[in-house]
Amino acid sequence: IRLRAHRLKLKKSRDKLNWSEAEVKRFVRDYPWNSNTELARRFHVSRPTIEKRAGKMGLKKDPRYIQSLKDKIRGWKL
């Protein structure tokens, strides 16, 4: 199968391009407040796919979310 796909110059899609409108809305709503790992789990894609999708859409994490992560890290005992 791989040889045939290679001969036909077919490539496996690395990004789930066909997100439904509902998925896109949910992604836009959830991205600023959730980790990329959690979003990858929810959308059944890889973390780099989440990062790529957010970049293409121009989405950013909410500054309050970033601050909460920094506060968590400061509280860790090393």
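The values are calculated or read from the model by the stated rules, or taken from the named source; none is laboratory data. Note that the structure is predicted; figures quoted are calculated from it, not measured. Backbone-built Cβ (ideal geometry, glycine too); neighbour counts: all protein chains shown. Keep in mind that these areas ignore ligands, DNA and RNA; they rest on the heavy atoms of the full protein, side chains included. Shrake-Rupley method; radii C 1.70, N 1.55, O 1.52, S 1.80 Å.
Laid out as a table, the results:
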quantity	calculated
Options 19, 69, 35, ranked by Cα towards positive dipole end of the chain, top entry (Cβ charges)	19
With every protein chain in place, the chain: carbon and sulfur % of accessible area (1.4 Å)	56
Kirkwood Rh, Cα atoms: Rg over Rh of the chain	1.16
Pairs from 25/60; 11/60; 25/61; 12/60 whose Cα-Cα separation, in the structure shown, is over 19 Å	11/60; 12/60
Accessible heavy-atom area order of 37, 49, highest first, probe of 1.4 Å	37, 49
Lysines with Cα under 30 Å of residue 9, excluding same-chain neighbours fewer than 8 positions away	52, 56
log₁₀ of I(q)/I(0) at q = 0.14, 0.29, 0.31, 0.33 Å⁻¹ - segment 26-66, Debye sum with one point per alpha carbon	-0.25, -1.06, -1.19, -1.29
